[in-house]
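Since the structure comes first, as structure tokens, the remarks are kept for the end.
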Amino acid sequence: MLNIAICDDTPLHLQSTVAMVEEMLPNREASVWGFADRNALLSGIRDGLQPNIAILDIELGADSGIDLAKDLNVLLPKCQIIFLTSFPQYASDVYVSHHTWFIIKDQIKEYMPAALAKAISCAEGNAHASPTLLAKHRRTLLRIPVCDILYLERITYRTKIVTFTEEFFTRQKPDALLSGLAESPFIRCHQSYWVNGNNVFSKTGYAFHLIGGETVPISRTYKSSANEAFSELRRDN
């Protein structure tokens, strides 16, 4: 039995999200539970509900869906989190918690099928949640899924972490950031650049071309080792 908890303090949005998720699971034994606030969901968990997936609005009245996600990370570490919001500026903030997907509400019909499919696959053990890079950003420890990262760039005394949607700066060096990964897809291709090989679309000459259109240079010094690492990564995948 798949248990899905949806938390949204706007009744109309809660009702429509519950209905949408139920429509996406016609051939699966699943229960979809709706909650109007953070306390209601936590109370349900204390009473025995064990959601495999939680779909959380970020603004929950005086509460925060991000804080609720951090609660669930502790109480139910395997629960897959999907964030919903009407406010794109929260795209950076969600990285303080483990989560599977971030959806802007006016794009929910476009992205919920893929987000739900990934969350179900991870919850059922058919796929593994992406490992995370732990980065100290200002006074916050961010947990950035490796699959979201395009490249790292060392700029003087800071490292820029570039994802599909955001850029973060940390004083940690790339080697220190990557040291916690059991298997790293990052390829050093320049004195200043480490590229995520899994997000490379193509390679030409002295450049990696990334999904989304960005280009990362390959220096003459690192060309041979970068080409070898990229070829090995593609063979493994």
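The values are calculated or read from the model by the stated rules, or taken from the named source; none is laboratory data. The shown structure was predicted, so the numbers you read here are calculated from the model rather than taken from an experiment. Note that each Cβ is placed from the backbone with ideal geometry, even for glycine, and that neighbours are counted across all protein chains shown.
A few points about this structure:
- Scanning segment 191-206 for residues that are in a strand (DSSP E or B) and either farther than 23 Å from residue 147 by Cβ or aliphatic (A, V, I, L, M) (or both) returns 195, 200, 204.
- If you filter segment 191-226 down to residues that are within 20 Å of the chain's Cα centre (by Cα) and within 24 Å of residue 179 (Cβ to Cβ), you find that the one that is surrounded by the most Cβ atoms within 10 Å (Cβ to Cβ) is 195.
- Of all residues making up segment 204-227, the number that are farther than 13 Å from residue 191 by Cα, among the hydrophobic types (A, V, I, L, M, F, W, C) and free of Cβ contacts under 8 Å to residues at least 60 places away in the same chain: 2
- Checking each residue in segment 50-103 for being over 18 Å from residue 9 (Cβ atoms) and assigned to a loop (DSSP other than H, G, I, E, B) picks out 50, 52, 76, 77, 78, 79, 92, 97, 98, 99, 100.
- Of the residues 114, 123, 119, 91, the single one that is of a type outside the set (Val, Ile, Thr), under 30 Å from residue 173 (Cβ atoms) and out of contact with any helix residue (DSSP H, G or I) (no Cβ under 6 Å at 6 or more places or on another chain) is 91.
- For segment 68-95, the candidate set comprises residues that are under 20 Å from residue 166 (Cβ atoms) and of a type in the set (D, E, K, R); within that set, the residue that is surrounded by the fewest Cβ atoms within 10 Å (Cβ to Cβ) is 70.
- Some residue of segment 147-157 being surrounded by fewer than 20 Cβ atoms within 10 Å (Cβ to Cβ), without any contact (Cβ under 8 Å) to a residue 24 or more places away in the chain, aromatic (Phe, Trp, Tyr) and not in a helix (DSSP H, G or I): yes
- Scanning segment 121-141 for residues that are at pLDDT 90 or above and surrounded by 17 or more Cβ atoms within 10 Å (Cβ to Cβ) gives 133, 135.
- Test result for residue 8, among the acidic types (Asp, Glu) and either within 20 Å of residue 125 (Cα to Cα) or within 18 Å of the chain's Cα centre (by Cα) (or both): no
- Residue selected from segment 194-213 under the condition closer than 21 Å to residue 133 by Cα and in contact with a strand residue (DSSP E or B) (Cβ under 6 Å, 6 or more places away or on another chain), by the criterion modelled with the lowest pLDDT: 211
- Selection within segment 1-25 - assigned to a strand (DSSP E or B) and farther than 15 Å from residue 119 by Cα: 7
- Residue tally, condition in a strand (DSSP E or B) and either touching a residue at least 24 places away in the same chain (Cβ under 8 Å) or in contact with a Phe, Trp or Tyr (Cβ under 7 Å, 6 or more places away or on another chain) (or both), over segment 160-171: 6
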